[in-house]
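Colleague: Quick one: this structure, given as C-alpha cells, is what I'll be asking you about.
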Amino acid sequence: MSNKKKILLFTDWYEPGYKAGGPIRSCKNFVSVMQDSFRIFILTSDRDLGDIAPYPGIETDGWTVEGADLQIWYAGPGRLKASAIARIVKEIRPDFVYLNSMYSWSFTILPLWVRLKSRLPGKWVLAPRGMLQQGAMQFKSVKKKVFLALFKGMGLTRRLAFQATDSQEQEDIRRYFPAGQVVVLPNFPMGEPVPWRSVRKKPGTLSCVFISRLAPKKNLLWLLTALRQWPADATLRLILRGEMEDRDYWEKCLFVIGTLPATVTVQMEGPVAHEEVIQVLQQQHIFVLPTLGENFGHAIFEALLAGKPVVISDKTPWSNLEVKQVGFDLPLEPAAFLEALRKYAAMDQSLYDQWSRSAWAYAKGIQENSKLKEDYKKLLFS
C-alpha cells in the first residue's frame with residue numbers, strides 16, 4: 001500500500017472526454033505532473049460535454065484503476081448523491097480535495113455542502129477556472145447569481161482555499177468573496193515536447209485556425225463580423241475546430257459567413273480530440289481567438305508550442321506578445337485585429353518562420369519551468 005498523500009479531484013469532465021476543452025486539459029496536466037508524488041482519485045461524469053451516451057467501454061459508478069496511484073470514478077447522470085459523496089470521501093480520507101469548477105452542482109456545490117454538514121476531512125481547494133471573469137459572468141447570469149448566492153448563503157467557502165491562475169482572477173475571486181483565501185498559481189501547461197516544423201507561407205495568403213467551443217464567450221461571431229472588411233488583395237482561410245455548444249449562436253455565425261467577401265473562406269470541421277490538436281495546429285499559419293476572457297487558455301499555449309503565432313484578445317494572461325515576436329494580444333477592436341491579420345498575410349516564408357520559431361521557443365521555455373510543481377505542493381501543504 002502506497003504511503004503517498006491522497007488527492008481527490010472533482011471535475012465535470014475528464015479523459016477520454018475532450019469537448020469541454022481547457023478544464024479537461026487543466027485536470028489532465030495537473031494529474032500527469034502530480035501523480036508521482038500523490039495518490040490521485042478522480043470523480044467525474046461518464047460522458048463528454050453535450051453527449052447523451054457514456055464513453056464506450058468504461059465502467060460506471062465504480063472505481064477504474066488507471067495505475068498504481070490513479071483511480072477514476074465515472075458517475076452516471078444523477079448518480080452522485082450526497083450520501084455517495086460522503087461515503088466515498090470517508091473511505092478515501094483524502095489529504096486534499098480539489099474542485100475543478102465554480103458552478104457545477106454535482107462536482108462543486110454538492111461536495112461542499114456534504115463537507116459542511118458531515119465534517120469531511122482534507123484541505124479543500126476550489127479552482128474557478130475563469131468562471132468569475134466579467135466576460136464569463138455576462139452569460140447565463142441569472143443561474144450564476146443563484147449559485148453564488150448559494151455559496152455565500154450556505155457558508156460553503158468556510159475553510160476553503162481558492163486557486164487563481166493570475167492576478168486578474170485573484171481580483172475576480174475577491175470581488176465576490178472578499179474574505180476568501182486566494183492563492184495565485186498558473187495552470188500546468190502541456191508537458192510533451194513538440195518539434196518545430198515549418199509550413200509553406202506565401203505573401204498574400206493566410207490560413208488561420210480557431211480551436212475552442214462555439215459559444216458566445218469565445219467571440220467567434222465578433223471575429224466573423226470583422227472579417228467582412230477583409231481586403232480584396234489577400235486570401236484568408238479560417239478553420240473552425242470546436243464543439244457546437246450553442247446552436248442559436250452558431251446560426252448567427254452561419255448568417256455572417258454567408259456575407260463574407262470572396263477572399264475569405266470558412267471551414268467548420270467540428271471538435272478535435274486533444275491528441276490531434278498539435279497536428280491540426282501545425283498545418284495552419286496562425287491561431288486566432290478573440291475571447292471575452294480566459295484564465296489560462298490551453299489552446300493558446302498549445303498553438304505557441306506548435307510554432308503558431310497567435311492573434312488573441314487582451315482578456316487573457318498572455319500579454320506583451322508582439323515584442324516577443326510570438327503574436328498579438330489586442331483590444332476587441334475590429335481594426336486592430338484586421339491589421340494584425342494583414343501583417344501575417346503579408347509575410348513571406350523567411351519572416352513567417354522567424355515568428356513561428358519565436359512562438360515555439362517561447363512556449364518551450366514555459367514548458368520547461370520546473371518550479372511550478374513545488375509551488376502546487378506548497379498550496380496543498382500550507
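A short reminder: the numbers here are calculations on the coordinates, not readings from a lab. Just so we're clear, the structure is a prediction, and the values are computed from it rather than from any experiment. Note: ideal-geometry Cβ built from the backbone for every residue, glycine included; neighbour counts use all protein chains shown.
Colleague: What value in Å³ per residue do you get for the convex hull of the alpha-carbon atoms in the range 205-367?
Modeller: For the range 205-367, the hull spanned by Cα atoms encloses 100 Å³ per residue.
Colleague: Can you give the Rg/Rh ratio of the range 1-159, where Rg is from the C-alpha atoms and Rh is the Kirkwood radius?
Modeller: 0.95
Colleague: Based on DSSP loop calls and a cut-off of at most 16 other Cβ atoms within 10 Å, the longest stretch of the chain free of exposed GluC sites (Glu not before Pro) is what?
Modeller: 60-268
Colleague: In addition: State whether the range 129-282 is rounded, prolate or oblate according to the following rule on the C-alpha gyration tensor (a ≥ b ≥ c being the square roots of its eigenvalues): a/c under 1.5 gives rounded; otherwise a/b larger than b/c gives prolate, and the remaining case gives oblate.
Modeller: Note, shape of the range 129-282 comes out prolate.
Colleague: Oh, and also: I need the phi-derived Karplus couplings for the range 304-319: 6.51 cos²θ - 1.76 cosθ + 1.60, θ = phi - 60°, integer Hz, Gly and Pro marked x.
Modeller: 4, 5, 7, x, 9, x, 10, 10, 10, 6, 8, 9, 9, x, 7, 9
Colleague: Which one of Gly180, Leu160, Pro193 has its Cα pushed farthest toward the positive end of the charge dipole of the range 153-218, where Lys and Arg give +1 and Asp and Glu give -1 at the Cβ?
Modeller: Value: Pro193.
Colleague: Right, something else. Taking trypsin sites (Lys or Arg not before Pro) as exposed when DSSP calls them loop (any state but H, G, I, E, B) and at most 16 other Cβ atoms lie within 10 Å, what is the longest stretch of the chain free of them, the sites themselves excluded?
Modeller: Between the exposed loop sites, the longest stretch runs 201-382.
Colleague: Among the listed pairs Lys28/Lys371; Lys123/Lys315; Lys123/Lys152; Lys4/Lys28, which have their C-alpha atoms separated by more than 25 angstrom in this model? Could the numbers behind the result be given before it?
Modeller: On the way: Lys28/Lys371 18 Å; Lys123/Lys315 31 Å; Lys123/Lys152 19 Å; Lys4/Lys28 19 Å.
Beyond 25 Å: Lys123/Lys315.
Colleague: Using a 10 Å cut-off around each Cβ, can you sort Cys253, Cys27, Cys208 from fewest to most neighbouring Cβ atoms? Kindly include the intermediate steps, with their values, before the conclusion.
Modeller: On the way: Cys253 20, Cys27 27, Cys208 24.
Placing the least packed residue first, the sequence is Cys253, Cys208, Cys27.
Colleague: Please compare each pair in Lys19/Lys252; Lys81/Lys217; Lys117/Lys144; Lys19/Lys218 to a cut-off of 26 Å on the Cα-Cα distance and tell me which ones are over it.
Modeller: Exceeds cut-off: Lys81/Lys217.
Colleague: Cα axis of helix 247-257 to longest principal axis of the chain: angle in degrees, 0 to 90, nearest 10?
Modeller: 10 degrees
Colleague: Is the shape of the chain best called rounded, prolate or oblate, per the rule: a/c under 1.5 gives rounded, else a/b larger than b/c gives prolate, else oblate, with a ≥ b ≥ c the square roots of the Cα gyration tensor eigenvalues?
Modeller: Since a/c reaches 1.5 and a/b is larger than b/c, the shape of the chain is classed as prolate.
Colleague: What is the antiparallel percent of DSSP beta bridges lying wholly in the chain, to the nearest 5?
Modeller: For the chain, the DSSP antiparallel bridge percentage is about 10.
Colleague: Quick one: 3J(HN,Hα) in Hz for the range 345-354, Karplus 6.51/-1.76/1.60 with θ = phi - 60°, rounded, Gly and Pro as x.
Modeller: Values, residue by residue: 4, 7, 5, 8, 4, 5, 5, 4, 4, 4 Hz.
Colleague: Another question about this same structure. Enumerate the amide H contacts of Ile42 below 5 Å, restricted to partners 5 or more residues apart or on another chain; note that Pro and chain-start residues carry no placed amide H.
Modeller: Amide H neighbours of Ile42, under 5 Å, 5+ apart: Leu9, Gln71, Ile72, Trp73.
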